[in-house]
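Below: the structure, in structure tokens.
The values are calculated or read from the model by the stated rules, or taken from the named source; none is laboratory data. Please read all numbers here as calculations on a predicted model, not as lab measurements. Don't worry about glycine lacking a Cβ; one is built from the backbone with ideal geometry, like all the others, and counts go over all protein chains shown. Note: areas computed on protein heavy atoms with side chains; ligands, DNA, RNA excluded. Shrake-Rupley method; radii C 1.70, N 1.55, O 1.52, S 1.80 Å.
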Amino acid sequence: MAANRFNGYTDLGIGIGLRIPHYRHIFAEKPVVDWFEIISENYMVDGGRPLQVLDQILERYKVVQHGVAMYFGSAQPLNRDHLRRLKLLVRRTKTPWLSDHLCWGSVDGRYTHDLLPMPYTREAVATTAANIRQVQDFIEIPVVVENVSSYAEFHESEMTEWEFLNEEMEAAPCGILLDVNNIYVSSQNHGFDPLEYVNSVPAERVAQIHIAGHSKFEKYILDTHDHPVLEPVWSLYARAIERCGPTATLLEWDDNIPTFEEVHEEAMKAAKFLNAHSSHTFAETDTNELQEINR
Ligand SMILES: [Fe+2]
């Protein structure tokens, strides 16, 4: 199955998040990695060490930008200064698309620094779509929005989260960063069928997929990004690839970060699923490990 126009018709392959504990290993060993995802806000500075590191990475690797502070869903004007600095970084990295979350997090200029879930209403679809259009027009590369994990819902919601995502895609000319771990976490917290969600996603709009590990507590699941990917999340990933075709895939591991090799090896388990639907062949981890995934 061909890749789609929101991922630039490319098989970008399997990436991992660029994290400070791995810098030394990356610069010393120069490992083969398809691409790195960076958190834009960590590099939106005027100079110094972060940009030196980034430039060194860019000499050797593809970089895709992921943001955590756009708040597409907030009902207030976008931060123009933030956008200007973001555009400078986009020009530096030549990221094929710019992703951030389908969430809100600011009211009257005050920022919560949280990725808060949307009320799934038609009004929110329209507000968010207007913000996405503005960003896309200004940044001049495709904008891609990510579904967040959630622990609370609004009484005002008029539809399910996946209906909301579909309506948003009708209203805004953007792509999707489908986080299958977030879908799983929310499905367990709210009691919906995660497969129904994945089956309803407009596959032709999916530019990128996130996989991650999470923590399970007695009454809820937290999206902690501090474990290997769990079997039910691999199953959702497999279904997503079946529907979307080979799609740029990124493993998120943000806490209790193990060695670079461990993170990369975990990410490369995705190759088995990509290879089943691609004309390319992605490197795989060894067979024993794949059997582990299938158990
Ligand atoms: Fe994510």
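At-a-glance table
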| read-out | value |
| --- | --- |
| Interchain or long-range residues, amide H under 5 Å from Ser74's placed H | Gly105 |
| ³J(HN,Hα), Karplus 6.51/-1.76/1.60, whole Hz, each residue of the range 135-143, x for Gly, Pro | 5, 4, 4, 6, 7, 6, 9, x, 9 |
| Phi-based couplings in Hz for the range 25-36 (Karplus 6.51, -1.76, 1.60; Gly and Pro marked x) | 4, 4, 6, 7, 9, 6, x, 7, 9, 4, 6, 10 |
| Inter-probe distance in nm under a simple model that places probes 7 Å from Cα toward Cβ, at Asp193 and Ala276 | 1.9 nm |
| Gain on full stretching of the segment that runs from Leu222 to Thr259 - 0.36 nm per residue minus C-alpha separation | 11.1 nm |
| The range 37-142: proportion of alpha-carbon pairs further apart than 19 angstrom, % | 44 percent |
| Distance cut-off 16 Å, percentage of C-alpha pairs in the range 167-233 lying past it | 50 percent |
| Inter-probe distance in nm under a simple model that places probes 7 Å from Cα toward Cβ, at Arg133 and Glu242 | 3.7 nm |
| Length gained when the stretch Glu123-Glu163 is fully extended (0.36 nm per residue, less Cα-Cα span) | 13.0 nm |
| Per-selection Rg to Rh, the range 96-191 - Cα, Kirkwood hydrodynamic radius | 0.95 |
| Heavy-atom accessible area order for Thr95, Thr10, largest first, 1.4 Å probe | Thr10, Thr95 |
| Unit charges at the beta carbon, dipole of the chain: most positive-side option, Pro117, Trp104, Gly213 | Trp104 |
| Cα-Cα over 32 Å, subset of Lys216/Lys272; Lys87/Lys216; Lys87/Lys272 | Lys87/Lys216; Lys87/Lys272 |
| Whole-Hz ³J(HN,Hα) from phi, Karplus 6.51 cos²θ - 1.76 cosθ + 1.60, for the range 252-264, glycine and proline x | 9, 9, 10, 9, 6, 5, x, 4, 4, 4, 5, 5, 5 |
| Two-site FRET efficiency, Gln52 against Asp81, from Cβ-Cβ distance with R₀ of 25 Å, rounded to 0.05 | 0.60 |
| Within the chain: Cβ-based charge dipole about Cα centre, in debye rounded to nearest 20 (Lys, Arg +1; Asp, Glu -1) | 1040 debye |
| The chain: Cα Rg divided by the 2.2 N^0.38 Å rule of thumb | 0.95 |
| Helical mean residue ellipticity (222 nm; -39500 (n - 2.57) per DSSP H run of 4+; nearest 500) of the chain | -11500 deg cm²/dmol |
| Residues of the range 244-272 with amide N under 15 Å of the 7 Å Cα→Cβ point at His25 | 251-269 |
| For the range 4-48 versus the range 227-252, the gap between their alpha-carbon centres in whole angstrom | 19 Å |
